[in-house]
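The values are calculated or read from the model by the stated rules, or taken from the named source; none is laboratory data. What you see is a predicted model, and the numbers here were worked out from it, not measured in a lab. Positions of Cβ are backbone-derived with ideal geometry, glycine not excepted, and every protein chain shown enters the neighbour counts.
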Amino acid sequence: MTAKTKNKTELEVLETSRIAIDNAQTNLQIKELLEEVGIGGKELSEGQQIHLSAVEAYNFNKIGNNHESISYREFSTEKKALDNLYRNHRKKAKVMFKNEPRELIHLNLQNTIPATYLQWIDTVKRFYTYVNENPQTKQQLALFKIKDEDIQSALQLILKVEELRKVYLNEKGKSQEATKRKNQALSKLDKWLRNFMSTANIALDDHPQLMEALGKQTKS
């Protein structure tokens with residue numbers, strides 16, 4: 001997510017600082033005026049390093065966000081497929097065992113489908129594991145076109161969903177850490193830029209048009 005650093009967006013901070021540093025180093029008139037107020041090559045080099053670090057952190061965070069989005073989409077897609085399969089098989093099982101309380105309990109058909117992931121995946125695993133381990137139950141469900149290969153496919157899909165969730169949570173954690181690093185880098189750059197601009201504003205007080213070369217919009 002693109003955040004704001006005080007009154008500027010992240011991209012605005014990155015672009016304004018790039019323009020300010022580049023032109024302060026290459027525009028001889030600006031360079032001389034800045035040197036008079038104590039902003040020389042050392043200070044500009046320091047700003048450039050801070051800017052480059054912020055750019056690196058920003059780009060790394062974007063990559064992390066992309067990885068998180070991709071892993072979540074893959075997890076969500078397979079979870080939905082498993083949920084649809086389970087709901088279909090559950091509906092048939094409720095009809096098959098409507099007069100068999102013992103089976104209803106073993107298959108957890110007397111309760112509603114949980115909304116939270118951990119309870120949901122536990123319910124789904126319980127259903128397919130019980131069916132897989134009980135030949136008579138499996139044989140009865142086969143009458144409603146739930147074959148052994150369907151049960152095995154569901155069990156494999158459960159493993160896949162669990163693995164994809166693990167990957168997603170890992171990518172989410174890395175993305176959050178990258179966001180923290182990016183925010184710190186941009187905050188540091190924004191602080192440097194504000195200090196630089198306030199000093200440059202004094203140095204170029206008699207040449208307001210030169211402030212535009214540093215990325216600051218001035219009234220005509």
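From the list Asn59, Asn88, Asn84, the one residue that fits, being over 30 Å from Asn111 (Cβ atoms) and either buried (at least 17 other Cβ atoms within 10 Å of the Cβ) or at pLDDT 95 or above (or both), is Asn59. Screening Lys145 against (1) surrounded by fewer than 13 Cβ atoms within 10 Å (Cβ to Cβ); (2) on the phi < 0 side of the Ramachandran plot leaves a single unmet condition, (2). Look at segment 71-82: where a residue is acidic (Asp, Glu) and assigned to a helix (DSSP H, G or I) and a partner is at pLDDT 95 or above and buried (at least 20 other Cβ atoms within 10 Å of the Cβ), sitting 6+ places away or on another chain with Cβ atoms under 6 Å, you get Glu78/Val161. With respect to (1) touching a residue at least 60 places away in the same chain (Cβ under 8 Å); (2) closer than 30 Å to Ile151 by Cα; (3) touching a Leu at 6+ places or on another chain (Cβ under 8 Å), the lone exception for Tyr86 is condition (3).
Applying the set (1) touching a Pro at 6+ places or on another chain (Cβ under 9 Å); (2) surrounded by 15 or more Cβ atoms within 10 Å (Cβ to Cβ) to Val167 leaves exactly one unmet item: (1). Determine whether segment 210-218 contains at least one residue that is loosely packed, with under 15 Cβ neighbours inside 10 Å, in contact with a Pro (Cβ under 6 Å, 6 or more places away or on another chain) and without any contact (Cβ under 8 Å) to a residue 24 or more places away in the chain. So far as segment 210-218 goes, yes, one or more of its residues are loosely packed, with under 15 Cβ neighbours inside 10 Å, in contact with a Pro (Cβ under 6 Å, 6 or more places away or on another chain) and without any contact (Cβ under 8 Å) to a residue 24 or more places away in the chain. Being in contact with a helix residue (DSSP H, G or I) (Cβ under 7 Å, 6 or more places away or on another chain) and either at pLDDT below 95 or among the basic types (Lys, Arg) (or both) is the filter here, so list the residues in segment 168-189 that pass it. Hits for segment 168-189 are Lys172, Lys174, Arg181, Lys182, Lys188. Taking segment 91-112 as the search range and keeping residues that are over 39 Å from the mean Cα position of the chain (by Cα) and without any contact (Cβ under 8 Å) to a residue 12 or more places away in the chain, which one is surrounded by the most Cβ atoms within 10 Å (Cβ to Cβ)? The residue in question is Leu104. The numbered conditions (1) at pLDDT below 95; (2) within 19 Å of Arg90 (Cβ to Cβ) are all true for Thr218 except (2). More than 25 Å from Ser17 (Cα to Cα) and in contact with a Phe, Trp or Tyr (Cβ under 8 Å, 6 or more places away or on another chain): is that true of Val161 in this structure? It is true that Val161 is more than 25 Å from Ser17 (Cα to Cα) and in contact with a Phe, Trp or Tyr (Cβ under 8 Å, 6 or more places away or on another chain).
Among the criteria (1) closer than 30 Å to Phe144 by Cβ; (2) surrounded by fewer than 16 Cβ atoms within 10 Å (Cβ to Cβ), the one Gly41 does not fulfil is (1).
Considering each of Glu68, Glu36, Glu12, Glu46 in turn, give the residue that is farther than 16 Å from Phe196 by Cα and acidic (Asp, Glu). Step by step, each of Glu68, Glu36, Glu12, Glu46 is checked, and only Glu68 is farther than 16 Å from Phe196 by Cα and acidic (Asp, Glu). Of all the residues in segment 154-213, those that are over 30 Å from Phe127 (Cβ atoms) and assigned to a helix (DSSP H, G or I) number 37.
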